[in-house]
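Worksheet: one structure, shown below.
The values are calculated or read from the model by the stated rules, or taken from the named source; none is laboratory data. For clarity, every value in this text was computed on a predicted model and none was experimentally measured. Cβ coordinates were reconstructed from backbone atoms using ideal geometry, including for glycine residues, and neighbour counts include every protein chain displayed.
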Amino acid sequence: MGRIVLENVTKSFGETQVIPPLNLEIDDGEFAVFVGPSGCGKSTLLRLIAGLEDTTSGRILIDDADVTEVSPSKRGLSMVFQTYALYPHMTVRKNIAFPMRMAGLSEEEQEKRIMTAAESLNLVDYLDRKPGQLSGGQRQRVAIGRAIVRDPSAFLFDEPLSNLDAALRVGMRLEITEMHERMQTTMIYVTHDQVEAMTMANKIVVLRAGVIEQVGSPLELYRAPQNLFVAGFIGSPKMNLIDGPQAQKHGATTIGVRPEHIDVVESGGAWTGTVGVAEHLGSDTFFYVHGTGLAETLTVRAIGDVSLKHGDPIQLAPRATEIHRFDADGLRLP
Amino acid sequence: MAIVAQNSKYGKAGRTILAWGVGLLFFFPIFWLVLTSFKTDADAVKPEFLFFFTPTLENYLNMTENYDYWRFATNSVITSVFATLFTLAVGIPCAYAMAFNPSRGTKDILMWMLSTKMLPAAAVLYPMTFLTKSMGLFDTHFLVIMVLSLINLPIVVWMLFTYFKEIPKEIIEAGQMDGVNTLGEIREILIPLAWGGIASTALLCFIFCWNEAYWTVRLTTTEAATLSKLIEGNRAPEGLFFGRLSAVSAAAVGPIVVLGWFCQKQLVQGLTFGAVK
């Protein structure tokens with residue numbers, strides 16, 4: 001079990017309030033991702049749940065038990081840190097065994113769980129090495145191994161992949177997602193990378209300046225961003241946000257259209273312009289278009305290879321059903 | 001130009017000579033002390049026996065037979081060892097708390113601790129003497145251990161604090177997440193990781209305790225008197241017996257020089273901590 005509830009939780013460092021009153025529920029077995037730009041309070045929020053930071057006010061409940069005043073060691077959660085935080089003086093085996101030894105598990109049980117974890121994480125050959133002799137990816141695997149052996153009610157991940165190179169990151173991302181599918185244990189994952197959030201989460205929590213901007217499944221956030229911040233943050237490449245007369249035509253202050261929802265047409269397009277840069281990826285072509293009468297450069301995604309190049313005129317047709325409308329306060333209009 | 005000169009053959013030779021010169025200059029008093037300790041009291045003051053004399057063990061025999069050297073030495077060992085252990089037992093948790101759970105006042109507390117070292121010892125000599133006598137603690141091992149511990153505690157906490165600061169906070173936090181209590185964290189994670197720093201701190205503390213003279217001479221008479229007291233006791237109204245004095249001093253300095261020699265690496269590390277980062 002691992003149902004986590006935050007009730008009116010706040011956090012201040014001295015005079016500065018980094019988390020204004022915040023409410024959040026994470027259900028048992030959910031993969032929740034906290035995402036937002038750096039300094040948005042997502043790591044602080046995770047550390048509050050872990051107990052590594054004291055809450056200034058409010059309550060944190062794990063499986064209906066109030067743990068606000070409970071020390072991190074007694075909350076039954078496991079955490080994987082960005083810097084791995086392995087014990088450098090212990091071998092991989094001892095690192096993984098550490099939480100079990102502290103919990104007083106028998107030697108046989110420890111060894112059994114170490115082997116299960118090591119096999120699933122490809123660490124069997126490295127059990128007698130020290131962390132200093134391992135690569136970044138292997139170290140992160142050890143940190144994950146150390147987290148899973150104690151069978152926690154929830155896993156907390158604090159940007160676990162940001163110290164790894166791009167290729168390894170994709171691999172580890174899949175491993176963690178698969179681990180979640182297999183174990184069905186609650187996971188809370190902090191990242192600034194919206195791609196990680198979209199690919200891994202059941203539930204994304206978008207944060208800005210300590211405030212939850214929107215909570216929802218990846219597709220909910222993609223399809224119906226509640227405000228301009230979420231609209232601009234979720235999706236890659238970013239949504240085109242257009243102000244001015246073009247927006248007023250749709251009765252909004254700002255309209256947003258995703259690059260994949262603008263069609264390149266031969267004639268009769270709502271917008272015209274010239275191609276600035278064309279990126280040919282084979283499967284897709286991205287055009288960066290200077291639209292006539294538009295202040296913004298538009299990003300357009302065309303399926304397959306479309307043979308337009310720099311300076312070519314282009315006609316664009318945004319799909320009417322995929323236009324997101326926002327009011328003067330940046331909030332979504334129905 | 002300067003760089004060229006430094007790297008030239010002459011520059012290198014010059015520096016070697018300079019280093020040896022400084023080394024010998026600092027070593028000379030010890031050498032002189034040991035040399036004098038093998039002279040009779042009469043020979044010790046005669047210029048004609050400066051380097052050439054008939055060596056004698058008389059002073060050393062005299063020291064062990066008549067002056068009870070071993071009792072003083074035992075006291076020195078007991079007080080220094082226990083004072084070092086006690087200082088670490090208090091200093092490690094203290095530095096741990098300040099390094100990993102600092103509050104707003106932590107920096108001020110550290111400064112205040114250091115400021116106690118600025119108080120002239122003489123200012124509290126009489127209160128200390130009267131107080132310890134009336135409490136019945138004068139000339140006890142307990143008193144010497146406490147005094148040695150307290151005068152070294154600030155510097156020990158400072159050194160440990162600096163070492164502990166170098167340990168990433170996440171490792172300590174990982175320990176908390178892994179279900180360790182504070183004591184377990186100190187024992188299982190902090191001490192193994194900061195072992196080098198703790199060892200060099202302990203070594204310096206031990207040396208300071210061993211060499212302490214001001215308080216050990218004044219707060220003891222016989223029972224808890226250390227080697228410092230033995231040296232001081234060789235001051236006689238009729239003049240100084242240089243041979244005897246040198247033997248006692250050499251025997252007091254000896255153990256610490258040997259200890260220092262074997263632990264050079266830790267000592268240098270301890271003394272230059274934080275210098276390069």
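A compact table of results
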{"item": "Residue within segment A:125-135 that is farther than 25 Å from B:I167 by Cβ and surrounded by fewer than 19 Cβ atoms within 10 Å (Cβ to Cβ) present", "result": "yes"}
{"item": "Boolean, B:A123 is within 14 Å of chain A (Cβ to nearest Cβ), part of a helix (DSSP H, G or I), without any contact (Cβ under 8 Å) to a residue 24 or more places away in the chain and farther than 26 Å from B:V81 by Cα", "result": "no"}
{"item": "Residues within segment B:145-199 that are out of contact with any Phe, Trp or Tyr (no Cβ under 7 Å at 6 or more places or on another chain), outside any helix (DSSP H, G or I) and either at pLDDT 90 or above or within 11 Å of chain A (Cβ to nearest Cβ) (or both), tallied", "result": "5"}
{"item": "A:R258 vs. criteria of a type in the set (K, R) and either free of Cβ contacts under 8 Å to residues at least 12 places away in the same chain or touching a strand residue (DSSP E or B) at 6+ places or on another chain (Cβ under 6 Å) (or both)", "result": "no"}
{"item": "Strands (runs of 3 or more DSSP E) contained in segment A:1-100 and holding at least 2 residues within 14 Å of another protein chain (Cβ to nearest Cβ) and under 24 Å from A:G137 (Cα atoms)", "result": "A:77-80"}
{"item": "Residue in segment A:124-136 that is within 12 Å of another protein chain (Cβ to nearest Cβ), assigned to a helix (DSSP H, G or I) and out of contact with any strand residue (DSSP E or B) (no Cβ under 6 Å at 6 or more places or on another chain) present", "result": "yes"}
{"item": "Segment B:95-133, residues that are of a type in the set (G, A, S) and either closer than 30 Å to B:T182 by Cα or touching a helix residue (DSSP H, G or I) at 6+ places or on another chain (Cβ under 6 Å) (or both)", "result": "B:A95, B:A97, B:A99, B:S103, B:G105, B:S115, B:A121"}
{"item": "Failed item, numbered, when A:N202 is tested on (1) over 13 Å from the mean Cα position of the chain (by Cα); (2) over 20 Å from A:C40 (Cβ atoms)", "result": "(1)"}
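For (1) under 30 Å from A:F81 (Cα atoms); (2) touching a residue at least 12 places away in the same chain (Cβ under 8 Å); (3) surrounded by fewer than 21 Cβ atoms within 10 Å (Cβ to Cβ), each residue gets a yes or a no:
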{"residue": "B:S149", "(1), (2), (3)": "no, yes, no"}
{"residue": "B:K165", "(1), (2), (3)": "yes, yes, yes"}
{"residue": "B:I189", "(1), (2), (3)": "yes, yes, no"}
{"residue": "B:L203", "(1), (2), (3)": "no, yes, yes"}
{"residue": "B:N211", "(1), (2), (3)": "no, yes, yes"}
{"residue": "B:T226", "(1), (2), (3)": "no, yes, no"}
{"residue": "B:V248", "(1), (2), (3)": "no, yes, no"}
{"residue": "B:P255", "(1), (2), (3)": "no, yes, yes"}
